[in-house]
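The values are calculated or read from the model by the stated rules, or taken from the named source; none is laboratory data. Bear in mind that the values here come from a model prediction, so they are computed numbers and not experimental data. FYI the Cβ positions are ideal-geometry reconstructions off the backbone, even for glycines, and counts take in every protein chain you see. Side chains included, ligands, DNA and RNA excluded: accessible areas come from the protein's heavy atoms. Shrake-Rupley method; radii C 1.70, N 1.55, O 1.52, S 1.80 Å.
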Amino acid sequence: MVDISGQTIDSYLLLRRLGGGTFGDVYLSEHIHRKELFAIKILRFHLSQENLQLFLNEARVFRLAHPNIIRVRDFGMEGDVPFIVMEYLPGGTLRQMHPRGQPLPLTSIVTYVRQLSAALQYAHDEGLVHRDVKPENMLIGMNGEIVLSDFGIVTTSYTWGENPQAGAAGTALYMAPEQSQARAVRASDQYALAALTYEWLIGVPPFLGTLPELTAKHLFTPPPSLRRRDATISAEIEQVVLKALAKDPAHRFASVSEFAAALEEAARVPVGTTLQAIAPQDKQLLSLAWSPEGTRLAVASSDAVSVWKVGAGEALFRVNWHRQQVTAVAWSPDGSRLATSGSDCTVQIGNADNGQGLVTCAGHHEEVLTVVWSPDSARLVSGGADRVLRIWDATTGKTEAVIVGHGDDILSVAWSPDGARLASTGYDGTIQVHDSQSHKQTWMSSGAVPIYMLAWSPDGTRLAAARYDATVQVYEAMTGRLQQTYRGHSDGVFALAWSPDSVFIASGGDDTTIQIWRPDTGLLVHTYRGHKRGIRAIAWSPRKGKETQIASNDLEQVVLVWQAPYV
Ligand code: ADP
Ligand code: MG
């Protein structure tokens, strides 16, 4: 390589060598009259007539006009040396921005793949195959966008043997099996982009080795599992990447933009971030509650209730207002207070900002297992092992009413969003709906299968019940008519939550998955995997803007907070 900086080619003064690749060196250049800066790629070594023609083919990018493809401004010959004049992008390449070995955040990966696939799809539609998709050929544009360069550099007739000094190892890292056999097709670009996505996900490309080893591995070795390398990568993401890395181009996605769309879809199933991990305890009915503004989370574990600022690593405070274990927590809709139920037969009310205890509600004769607020934050209802519902004045702690009717422990109560009705359930498997003023029963379902959790849809129209027989049932709230039975779980369901817009239900239990599904159709939308033991609580954050989060808790008392699907 001879640096020819200082020389003039045509009307361009070569200022500085920027780098060099397979076929040429790139110089930062200035147009001698217009004083404009360009990047000029000059042929580096003698080419056969055939390869010269192939190099000239790069000029086909003249036709390409796309925000994610480098603009070629001019093309010429200086004697027998051809050169290409491109816009100069001073922002560097993706390889410089992200050195090898560094996994990237999923959001960045999705953003890159979206732009690169748009560029490739456009070129494919124009009849071009890039053939050299690699981070060295991805430049950073003026607005931070990714700009693909070097179309058509590697040739159809090109073989490694012909050109050993090709610096080809970098390229071979991502090269599709059919391309190493000189049969590059559009899907070869998809393969290379997927191999790069693989590298961005875990920091290493699918295969490493010498050039012949790499070629052989791309041809014959299945890519190692991403999830074995990083357990937080979802099965959905892995599936998408592995499909695009299929050895047979016919088994990949039909187009590179389909690959990008599938990756984006899979990325909507994010991995949870662990907020808390404490020692395992058995048989706990755990519970979680979001603050109304959606930034804090109250976690009831048996020894205490703790309040977390989501995203921060430490609890704001941790407190136990009970003389025995805490069994459940509820955040008042006005945001000011927390209510907890306990094994000491009481319901306790405390300040949600500083953890100070305020009011004791005494009257239950056995362990209290569940407590919820009325929508106006004035009252509470609780239930538990003594099989009665108690309605409390939240200011005085006095019992307002006692409702009897359950034949076994009450495990869950739900107050209708309009405040008019109460629904309760438990080990006896019945759902009982009462008027919250007259305390008269509105309807009651017959039942035998224990129900662990009941939730009123935020729009007030439906009730969903998490059942021990691995189903979730959805009832019309007014009449008790069964509308839907969801059968996606493979073991007992212990927890559920509605999305704030009442469109989705998140449910979970002993099969350790959280399933997001539509109660109107009964169809599964997403599966969240990350818990290692049975899920016992799920809470969906209130809508603030459009982003919502789902918190879940398992028997190991690991709380995960997930990005909820976009609605
Ligand atoms: P390779 O892509 O194999 O690295 P190239 O000859 O295509 O080799 O380019 C060499 C280097 O020159 C690139 O890695 C990049 O850093 C730089 N470069 C190429 N084109 C441009 C451009 N249009 N603007 C700015 N820098 C560029
Ligand atoms: Mg290049």
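For the chain, what relative contact order do you get, as a whole percent, if you take Cα pairs closer than 8 Å and at least 6 residues apart?
Numbers: 1404 pairs, mean separation 43.8, N = 567.
Answer for the chain is 8 percent.
The label-point distance for residue 35 and residue 261, in a model that sets each label 7 Å from Cα toward Cβ, rounds to 4.9 nm. Which is the longest part of the chain that has none of the trypsin sites (Lys or Arg not before Pro) sitting in a DSSP loop with at most 14 other Cβ atoms within 10 Å? Answer from the scan: 184-282. With all protein chains in place and ligands, DNA and RNA left out, the 1.4 Å accessible area ranks 145, 314, 36 as 314, 36, 145, largest first. Within straight-line reach of residue 309, meaning a Cα separation under 14 Å, sit the following aspartates and glutamates at least 8 residues removed in sequence or on another chain: 293, 353.
Under the definition of Cα pairs under 8 Å and six or more residues apart, what whole-number percent is the relative contact order of region 94-267?
Relative CO of region 94-267 lands at 26 percent.
Subtract the Cα-Cα distance of residue 400 and residue 102 from 0.36 nm times their separation in residues, and report this length gain in nm to one decimal. Could you put the intermediate results ahead of the total?
Working: separation 298, 0.36 × 298 = 107.28 nm, distance 6.03 nm.
Result: 101.3 nm gained on full extension.
Counting protein heavy atoms only, the chain has 51 percent of its accessible area on carbon and sulfur, 1.4 angstrom probe. Using θ = phi - 60° in the Karplus curve 6.51 cos²θ - 1.76 cosθ + 1.60, the 3J(HN,Hα) couplings for region 13-18 round to 8, 7, 8, 7, 6, 8 Hz; x is entered for Gly and Pro.
Extension gain for residue 111 to residue 225 (0.36 nm times residue separation, less C-alpha to C-alpha distance): 38.7 nm. With a/c under 1.5 counting as rounded, go ahead and sort region 439-496 into rounded, prolate or oblate using the C-alpha gyration tensor (a ≥ b ≥ c being the square roots of the eigenvalues; past the cut-off, prolate if a/b is larger than b/c, else oblate). Prolate shape, in that a/c is at least 1.5 and a/b is the bigger ratio.
Entry for region 91-153 at q = 0.12, 0.22, 0.28 Å⁻¹: log10 I(q)/I(0) = -0.29, -0.96, -1.33, Debye formula applied to identical alpha-carbon scatterers, no solvent contribution. Computed from backbone phi with θ = phi - 60° and the Karplus coefficients 6.51, -1.76 and 1.60, the 3J(HN,Hα) list for region 191-197 is 4, 5, 5, 5, 5, 5, 4 Hz; x is used for glycine and proline.
Which whole-number value in Å² is the accessible area per residue of the chain, probe 1.4 Å?
Numbers: 22960 Å² over 567 residues.
Here the residues of the chain average 40 Å² of exposed surface.
Residues of region 515-554 falling in the label zone of residue 481, defined by backbone nitrogen less than 19 Å from a point 7 Å along Cα to beta-carbon, are 519-522.
Compared with the direct C-alpha span, the chain from residue 235 to residue 435 gains 67.5 nm at full extension, assuming 0.36 nm per residue.
In order along region 485-498, phi translates into HN-Hα couplings of 10, 8, 10, x, 8, 10, 8, x, 9, 10, 8, 7, 8, 8 Hz, rounded to whole numbers, per the Karplus curve 6.51 cos²θ - 1.76 cosθ + 1.60 with θ = phi - 60° and x for Gly and Pro.
In terms of the Cα gyration tensor, with a ≥ b ≥ c the square roots of its eigenvalues, is region 94-267 rounded because a/c is under 1.5, prolate because a/b exceeds b/c, or oblate? All intermediate terms of the calculation are to be shown ahead of the outcome.
Working: a/c = 1.35, a/b = 1.17, b/c = 1.15.
The shape class here is rounded.
Working from label points 7 Å from Cα in the Cα-to-Cβ sense, the residue 358 to residue 323 distance is 2.4 nm.
Going down the list 247/532; 217/243; 134/247; 398/440; 217/532; 41/134, which pairs span over 22 Å between their C-alpha atoms? Intermediate values should be presented prior to the final figure.
On the way: 247/532 33 Å; 217/243 16 Å; 134/247 19 Å; 398/440 20 Å; 217/532 34 Å; 41/134 18 Å.
In this structure, 247/532; 217/532 exceed 22 Å between Cα atoms.
Using only the Cα atoms of the chain, construct the convex hull and provide its projected area averaged over every direction, in square nanometres to one decimal. Provide the component values of the computation, followed by the final result.
Details: hull surface 118.2 nm².
Computed as one quarter of the Cα hull surface, the answer is 29.6 nm².
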